[in-house]
1. If Asp157 satisfies all but one of (1) among the charged types (D, E, K, R); (2) in contact (Cβ under 8 Å) with a residue 60 or more places away in the chain; (3) not assigned by TED's automatic domain parsing to the domain that holds Gln291, what's the number of the condition it fails?
2. Which condition number in (1) surrounded by fewer than 17 Cβ atoms within 10 Å (Cβ to Cβ); (2) more than 21 Å from the chain's Cα centre (by Cα); (3) outside the structural domain of Ala213 (by TED's automatic domain parsing) is the one that Thr139 fails?
3. Please work out if Ala230 is within 20 Å of the chain's Cα centre (by Cα) and over 30 Å from Leu74 (Cβ atoms).
4. Can you list the helices (runs of 4 or more DSSP H) found entirely within the range 32-112 that contain at least 1 residues being among the hydroxyl-bearing types (Ser, Thr, Tyr)?
5. Counting only residues that are out of contact with any Ser or Thr (no Cβ under 9 Å at 6 or more places or on another chain) and in a helix (DSSP H, G or I), how many does the range 154-170 have?
6. Scan the range 71-88 and tell me whether some residue there is surrounded by fewer than 21 Cβ atoms within 10 Å (Cβ to Cβ), in contact with a Ser or Thr (Cβ under 8 Å, 6 or more places away or on another chain), more than 13 Å from Thr255 (Cα to Cα) and at pLDDT below 95.
7. Would you check if there is a residue in the range 227-248 being assigned by TED's automatic domain parsing to the domain that holds Gly183 and among the polar types (S, T, N, Q)?
8. Output the residue which, of all residues in the range 316-339 that are under 21 Å from Arg243 (Cβ atoms) and acidic (Asp, Glu), is surrounded by the most Cβ atoms within 10 Å (Cβ to Cβ).
Amino acid sequence: MRNRLAWIALGAVLVLGVCGWWRAAHRGTLVVYCAHDAIYAEKILRDFEKRSGIPVAIRFDTEATKSLGLTELLIREKDAPRCDVFWNNELLGMLDLQERGILQPYQGPGYARIPAAFKASDGSWTGFAARLRLVIFNTAKIGTTPPNITGLLPGSDLSHVAIAKPLYGTTLTHYTLLWHLWGGDKLKAWHADWRRCGVKELNGNAAVKDAVADGVCFAGFSDTDDFFEAKDDGHPVAMTPVRLDNGKTICIPNTVAIIRGAKHTRAARELVDFLLSEETELALAASKSRQIPLGLVPADRLSAEVRELAQWARDGEDLTALGAARAECLAWLKSQYAP
């Protein structure tokens, strides 16, 4: 009886909490859906809250499903939006939302400082603070020479190589770009060969980083922010950027957009300009994630590590035309990973 009452009490608290969050949204609280890592994003959003006086309610997503989960939630809420601003940790979801008419164009001072290659021409979304796709490898296992795992021959042993399941996040962007460049048939054959050869498919880039850092796997695909976490923790890791067949890198920006029908448009615009500012890009560059500024910033305000990343980012492949490839690639991937 006591346990039952405890569960009833807990349920009541949760219901009241959700109701309170929803009432706060209608009283002027800016509602932000955020797919970027909470450990970095929350400080930025709370700084905005303190400076502007605008209260912010944040909804984060999980490591394994972030970006896709929030994108699909926004699609479900299209006719009755709860979210004002979507801070995504990549751009594929934004392309989908843009095509569906869910985003409200806005071209403010923050939009103006970002290069055209990293924003929608109509202002539907804007990129900032990018990461690079990379190969992380364990130097205690295979030495300091970067392995060419992207160029392995069919039939190679991949039992010590890791990759995140490609349904979500930047691994989905990676797959979508290969679909766009190679065509679906070649990507399907490549994916099937890697699985036959024993590649370890894990739940997210952080899991790949952990597997390589701990020596369970010798190398894997991940992102720059995950690599630096392993390096800062003292693990014997090094990295090299993923290079496509044409020599280009994969530079994936954060993106931000205002949701069409947002209830707090003025506050939403203020937040978007804050996220797209030089100050925010420098703050994210100085954080442990070492994000790459996309707008012009003073070079002497960047660490040597970020300056090196910025050089690689300048070789980034154009990702703005991946909308059609995303839909096709994701539909196929869902068929491969059906529950």
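1. Among (1) among the charged types (D, E, K, R); (2) in contact (Cβ under 8 Å) with a residue 60 or more places away in the chain; (3) not assigned by TED's automatic domain parsing to the domain that holds Gln291, Asp157 violates only (2).
2. Unmet for Thr139, out of (1) surrounded by fewer than 17 Cβ atoms within 10 Å (Cβ to Cβ); (2) more than 21 Å from the chain's Cα centre (by Cα); (3) outside the structural domain of Ala213 (by TED's automatic domain parsing): (3).
3. Details: within 20 Å of the chain's Cα centre (by Cα): yes; over 30 Å from Leu74 (Cβ atoms): yes.
So Ala230 passes the test.
4. Numbers: elements: 38-52, 68-76, 92-99, 109-112.
Per the criteria, 38-52, 68-76, 109-112.
5. 0
6. Here is the first cut: in the range 71-88, the residues surrounded by fewer than 21 Cβ atoms within 10 Å (Cβ to Cβ) are 72-73, 75-82.
Still in the list and also in contact with a Ser or Thr (Cβ under 8 Å, 6 or more places away or on another chain): none.
The answer is no, given that none of the residues of the range 71-88 is surrounded by fewer than 21 Cβ atoms within 10 Å (Cβ to Cβ), in contact with a Ser or Thr (Cβ under 8 Å, 6 or more places away or on another chain), more than 13 Å from Thr255 (Cα to Cα) and at pLDDT below 95.
7. yes
8. Of the residues in the range 316-339, the ones under 21 Å from Arg243 (Cβ atoms) are 316-322, 325, 329.
Within this subset, residues satisfying the condition of being acidic (Asp, Glu) are 317-318.
On the way: Glu317: 16, Asp318: 12.
Once the filter is applied, the top-ranked residue is Glu317.
The values are calculated or read from the model by the stated rules, or taken from the named source; none is laboratory data. Since the model is a prediction, treat every value here as computed from it, not as a measurement. Here Cβ is always computed from backbone atoms with ideal geometry, including for glycine, and neighbour counts include all displayed protein chains.
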